[in-house]
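The values are calculated or read from the model by the stated rules, or taken from the named source; none is laboratory data. This is a predicted model, so every value here is computed, not measured. Note: ideal-geometry Cβ built from the backbone for every residue, glycine included; neighbour counts use all protein chains shown. The protein model used for the area step is the full one, side chains on, heavy atoms only, and it has no ligands, DNA or RNA in it. Shrake-Rupley method; radii C 1.70, N 1.55, O 1.52, S 1.80 Å.
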Amino acid sequence: METNKRIQRGRLQTGRRDFLSRVGSISVMSVFGAAFFTSCTSESDMLPDNEPNENEEGILINNQKVTIDLAKNEGLMASGGWMLIREAQLLVVNLDGQFSALTSVCTHSQCDRNWTFGNQVFTCTCHGSRFDTQGEVVNGPATQPLKSYAVSEENGNLIINRS
Ligand code: FES
């Protein structure tokens, strides 16, 4: 009888060990599975390549065309108002009602997100290159102008064609 209890206790302990071992394996798989699942389902992975991407600020990026809803981007309505659209690598500025659009990829070392604007000059703060509102170099280290794009207005939208 005593031997039977020991055997049963041994089976119980072995059973518990097996159980904990399996739970541990499942937990580890769950963690790796979650990481894998997360890395495979980020928002950008789920968007088809040619699907338009509109952010909450009323900016639609569709391949070479960027559409800005001016009603949702009032900062661009005033003369001197400007914006950097990082997703589109684009600088846009209002010049007394005329708009200018330039690439935000600096021709010096390709910084695309550290810009300021003042006195009609864009400054890439990565190394201090300055460009006028048409993209021409005001001072280096950059030596090449920023690419500029055609801009038109249609039904309250600013349309920038990057082709
Ligand atoms: Fe713009 Fe160097 S990358 S100044």
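Full-extension gain between Asn155 and Arg86, please, as 0.36 nm times their residue separation minus the C-alpha to C-alpha distance. Spell out each step's value before the answer.
Working: separation 69, 0.36 × 69 = 24.84 nm, distance 2.41 nm.
So the chain would gain 22.4 nm between Asn155 and Arg86.
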Quiz prompt | Inter-label distance for Lys72 and His127, nm, one decimal - labels placed 7 Å from Cα along Cα-to-Cβ | solution = 3.7 nm
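Need the full-extension length gain, Lys147 to Asp96, defined as separation in residues times 0.36 nm minus the C-alpha distance. One decimal, nm. Spell out each step's value before the answer.
Numbers: separation 51, 0.36 × 51 = 18.36 nm, distance 2.10 nm.
Full extension of this stretch gives 16.3 nm more.
Length gain on complete extension for the stretch Asn62 to Ser109, per 0.36 nm per residue less the alpha carbon to alpha carbon distance? Numbers along the way, then the final one.
Values: separation 47, 0.36 × 47 = 16.92 nm, distance 2.60 nm.
So the chain would gain 14.3 nm between Asn62 and Ser109.
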Self-check item: Solvent exposure, largest accessible area first (probe 1.4 Å, DNA, RNA and ligands not counted), of Ser100, Ser163, Ser148
Solution: Ser163, Ser148, Ser100
Exercise. Please work out whether the range 86-163 counts as rounded, prolate or oblate from its C-alpha gyration tensor, where a ≥ b ≥ c are the square roots of the eigenvalues and a/c under 1.5 means rounded, while otherwise a/b larger than b/c means prolate and anything else oblate?
Key: prolate
